[in-house]
Structures are given as structure tokens and as C-alpha cells.
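Okay, structure first, notes after.
Taken together, the values in this text are just the output of simple stated rules run on the coordinates, not laboratory data. Here the structure is a predicted model, which means the values were calculated and not measured. Glycine gets a Cβ as well: all are built from the backbone with ideal geometry, and neighbour counts include every protein chain shown.
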2 protein chains.
Amino acid sequence: MKNINDISTDAPDDIEKSEANKQLKKMRKDIFSLQNLFYADGKRALLIILQGMDSSGKDGTIRHVFSCINPQGCRVKSFKTPTEEEKSHDFLWRVYANLPEKGMIQIFNRSQYEDILFPVVHELIDKKEIQERHKAINEFEAHLQDSHTVILKFFLHISEKEQRHRINKRLNDPEKQWKYNPSDKKEAKLWDNYIAAYQSMLDGCGKKNPWIIVPADQKWYRNYLVAKTIVETLENLKMNYPKKT
Amino acid sequence: MKNINDISTDAPDDIEKSEANKQLKKMRKDIFSLQNLFYADGKRALLIILQGMDSSGKDGTIRHVFSCINPQGCRVKSFKTPTEEEKSHDFLWRVYANLPEKGMIQIFNRSQYEDILFPVVHELIDKKEIQERHKAINEFEAHLQDSHTVILKFFLHISEKEQRHRINKRLNDPEKQWKYNPSDKKEAKLWDNYIAAYQSMLDGCGKKNPWIIVPADQKWYRNYLVAKTIVETLENLKMNYPKKT
């Protein structure tokens with residue numbers, strides 16, 4: 001995997017904002033139809049994982065890309081600081097409890113990868129244990145893929161400057177203040193540590209299940225690229241409405 | 001409560017289809033915004049219950065009214081035939097496990113009311129037990145209302161003729177065949193028994209938490225009335241984005 005700092009956080013030059021927004025509008029309709037077919041076809045589950053720095057736009061992606069979907073066929077799970085009960089299990093236990101069944105789309109806002117990011121940044125566990133966890137994650141995902149689950153992992157890639165801008169905006173926009181958490185500023189100071197942890201995360205995933213790196217400084221491009229990837233993935237599944245039995 | 005057979009299943013004369021669809025489009029945007037505010041405000045939970053005969057449009061209502069919502073703030077639970085584990089508990093156990101927390105919208109596709117409908121129609125339990133169950137439901141809902149949960153109960157009211165038409169359509173439309181269940185025709189023959197059971201259900205609910213009867217033979221009016229009720233309910237809550245702390 002390339003050095004993460006060498007990958008642009010900006011939208012590429014080959015698409016304009018107005019064109020991307022126009023296509024997003026159409027793709028939201030496609031997702032609405034494809035999701036119905038995916039549910040009816042019922043042969044696979046779809047797991048969508050969103051990871052990225054604080055304020056990289058995980059919530060915003062869900063809000064703007066997926067608010068076209070039938071909520072009966074889609075669930076969202078946000079992984080927060082583990083509860084006491086969750087901590088008394090292995091780190092994949094709470095993930096397992098939220099996996100999608102066939103026909104369902106499950107979105108993870110943060111995921112099992114938090115357990116090889118946060119503890120690394122805060123130096124809570126040693127390198128060997130991180131490697132073991134990553135191996136367990138790779139095996140877990142390979143098992144899911146063998147069990148009819150399609151996995152899409154999006155890394156929302158923003159710049160440090162854009163993060164600072166967004167955190168300040170949260171402090172000043174009356175409709176966004178409620179999202180501000182005093183720990184945001186503290187975590188933001190650990191930027192370089194997070195970049196190193198994300199680099200290991202990206203490097204440690206096998207080719208069978210790679211991350212999709214989404215340049216995310218411009219929200220319109222982020223939404224466009226995530227939607228495009230989902231539409232293409234669903235279209236490639238060659239699904240059918242079941243015949244009368 | 002009026003006799004259910006005297007309540008029209010048709011859209012009233014004071015609104016046209018084109019106008020209702022235009023307003024629905026606008027209201028879907030309102031629901032999108034209001035849901036964000038509801039989540040941020042975080043003072044209440046919203047429980048939306050959909051009941052109605054087979055093919056009355058419970059799935060369709062969710063698909064067409066709620067596919068505008070941020071799936072991060074909305075969950076749907078479909079209550080099917082109880083599993084062995086569910087049957088080994090009291091009938092409200094599986095309902096409790098799916099209640100919304102503050103800030104969340106929870107949609108029930110069928111609900112606790114199945115347990116005073118199906119067993120009555122099929123004469124599985126006696127009248128006294130049904131009355132006890134209904135009392136338990138009323139107390140349960142009053143408790144939820146006292147605990148910051150807003151409850152909206154929609155009864156989707158269709159005619160026998162429209163049901164027959166829709167079941168036949170399921171058999172012949174390639175995009176709908178997968179929804180057809182051979183038991184649909186069997187249950188449809190019990191129309192009068194179902195009407196009697198629904199009448200008791202409507203009669204047995206207190207004034208504090210009445211059913212909203214939705215004339216549902218025309219899908220456009222059903223979607224319009226459900227959306228309108230939700231928008232008005234959310235607007236009346238006088239919510240605010242929390243201030244910076």
C-alpha cells in the first residue's frame with residue numbers, strides 16, 4: 001500500500017461538483033431499486049464499513065448517501081467506546097452480534113478496526129497483540145466472504161487542515177454544536193499517531209478484501225464515490241427476482 | 001369506536017392524487033430534516049406501529065414514506081411468527097427487545113397486536129386471555145408514553161376487494177411474485193374473522209393512545225396521510241438543537 005500521506009484527500013480533476021451531484025441524485029434512485037432486488041434475491045448479505053479520522057464524514061456519508069434506502073432492508077451500527085459487557089468478551093463479539101443476514105445491508109459506522117487503531121494511538125496494547133488482532137480480523141472477514149457476505153470497506157481520507165476546519169465549524173454552527181465532543185480536539189492533536197495506525201491498518205489487509213480509499217476533503221466527491229462503488233458492486237452481483245414457486 | 005365496515009377505505013374527495021404526491025415529496029424532505037433534529041434534541045423516542053390485513057401495504061408504506069430517512073436514526077422490526085425462544089417468553093418480551101432509545105425512530109411492521117389478532121381469528125386462546133393481553137398492552141403503552149416515548153399507531157384499512165386484487169397481482173407481477181405466500185389466500189378467506197378481531201383491537205385501546213385509521217385502498221393517499229401525521233407529530237414536539245455545553 002502506498003504511503004497514506006502521498007494519497008490526495010482532494011477530488012480528482014476529472015469530475016465537477018455539479019456533475020457529481022447530478023449523478024449522485026440518479027445513483028440514490030438506483031440504490032433504492034437495487035436494494036429491493038438485493039432483498040428479494042436474498043442470496044447474499046452486504047456489509048459496508050466506514051472508517052476515518054474524527055470528522056472525516058462517516059455520519060455525513062450515511063446521511064447523504066443512504067437516506068434513499070428502504071430502512072426495512074438496511075441497518076446501521078455505530079461502534080462506540082466498548083461497554084463493560086462488551087469488554088468482558090473478545091473484541092469481535094460485539095461485531096458478530098451486528099452482522100447482516102442474507103438480503104440485508106448493514107452499515108458499520110466505525111468497526112472492528114477501532115480495536116487496532118485506538119489502542120495503538122494510545123499505546124494501550126503491544127505490537128504483537130495488534131498483529132494478532134489484525135490476523136483475527138482478516139480471518140473473520142475471509143470467513144464472512146466465504147459465507148455469502150459482500151464486504152465494502154471505505155477509508156474516508158481527509159487532510160489535517162480539513163479536520164481542523166470541521167472541528168471549528170462544529171463549535172460555531174448552531175445545527176452542529178451538539179456533535180462537538182471536547183475529546184475531538186484532544187484526539188486531533190494525535191494526528192500523526194493516527195496516520196501511522198491507519199497506515200498499518202491499510203497495509204495489513206489482504207488483497208482479497210482491500211480498503212477503498214475515498215478522498216474526502218470535498219463532501220460532494222466523497223458521497224459520489226461511495227454511491228458509485230455501491231451501485232457498481234450491486235449491479236455486478238447479477239441478481240434476479242425469484243420466480244413463483 | 002365506529003363500526004370498521006362503516007369507515008371508508010377510499011381516499012376522501014378533498015385531495016387529488018397529483019397534489020398528494022407533490023406534498024409527499026415535500027414532506028419526505030421535512031421528515032429527513034425533522035429526524036436529524038429529533039436525534040440531536042434527544043429527549044424522546046418515537047415508536048411507529050403499522051398494522052393491517054395481509055397486503056394492506058405495511059411494507060409499501062415503509063418503502064415509500066421512510067426511504068427518505070437517515071438509516072442511522074431509524075430502525076425497522078418486522079414481527080413474524082414467534083420463534084421457539086420467543087414463545088418461551090411472555091408475548092411482550094420480543095417487543096421490549098426492540099424498543100427505541102431516546103433520539104431514535106423505531107418502526108414496527110406488525111407488533112404486539114398480532115398476539116390479540118392471529119390467536120383470535122384462529123381461535124387459539126379464549127376471550128378472557130385476549131382481554132388480559134389487551135390490558136397488558138394498554139398498560140405497556142401507557143408506561144412507554146410516561147417514559148418519553150411518542151407512539152403512533154396506524155391501522156391500514158383496505159377493502160376485501162382491494163386485498164383480492166393485490167394478492168392476484170403478487171401472483172402475476174414478476175417483481176412481486178417473491179412476496180407471495182401460499183398462506184395469503186388461506187388467510188384472506190378469514191376476512192370476516194379478521195374484521196371482527198380488528199374491531200376489538202380498535203375498540204379496546206384507550207383514548208390516550210388511539211389508532212389512526214388510514215384509508216388505504218389508494219396507495220398515494222395512504223402514503224400521504226402517514227407522512228402528514230408524522231410531520232405534524234414531530235413539528236408539534238417543539239424540539240431544539242442543543243446548545244454548546
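Side notes on the structure shown:
- Average partner coverage of A:235-243, which counts Cβ from other chains inside 10 Å: 2
- FRET efficiency for the pair A:I15 and B:D90, taken as 1/(1 + (r/R0)^6) with r the Cβ-Cβ distance and R0 = 35 Å, rounds to 0.05.
- Within the stretch A:84-240, the proportion of Cα pairs with more than 26 Å between them is 37 percent.
- Net length gained if the chain between B:E101 and B:D173 were fully extended (0.36 nm per residue, minus Cα distance): 22.0 nm
- Within-14-Å neighbourhood charge of B:E132 [Cβ basis; K, R +1; D, E -1]: -1
- Charge dipole magnitude, Cβ of K and R +1, D and E -1 - the stretch B:17-106, Cα centre, debye nearest 20: 520
- Coordinate range of the alpha-carbon atoms in the stretch B:1-137 per principal axis, descending: 47, 39, 24 Å.
- Principal axis dimensions, largest first and in whole angstrom, of the protein assembly as shown by Cα: 70, 52, 49
- Spread over its residues, the convex hull of the C-alpha atoms of the stretch A:102-159 is 95 Å³ per residue.
- DSSP-defined antiparallel bridges as percent of all bridges, chain B, nearest 5: 0
- Rounded FRET efficiency, nearest 0.05, which uses the C-beta distance separating A:S78 from A:Q145 and R0 of 22 Å: 0.40
- Residue and distance (whole Å) for the chain A Cβ nearest the axis that superposes A on B: A:P71, 3
- Structure note, pairs A:K77/B:K128; A:K238/B:K228; A:K179/B:K29; A:K153/A:K185: Cα-Cα distances above 30 angstrom occur for A:K77/B:K128; A:K238/B:K228.
- Bridging of A:K243 to aspartates and glutamates at a Cα separation below 14 Å is possible for A:D41, B:D173, B:E175, once same-chain residues fewer than 8 apart are set aside.
- Distance between the stretch A:10-58 and the stretch A:107-142 - C-alpha centres, whole angstrom: 26
- Helices assigned as whole DSSP H runs in chain B whose Cα atoms extend at least 27 Å along their own long axis and whose mean Kyte-Doolittle hydropathy is 0.5 or higher are not found.
- Modelled this way, with points 7 Å down the Cα-to-C-beta line, the labels at A:Y241 and A:D126 are 6.0 nm from one another.
- Take each residue in B:70-82, count the other chain C-beta atoms within 10 Å of its C-beta, and the mean is 5.
- Counted by Cβ distance under 14 Å from A:Y221, the other residues give a net charge of -2, where Lys and Arg count +1 and Asp and Glu count -1.
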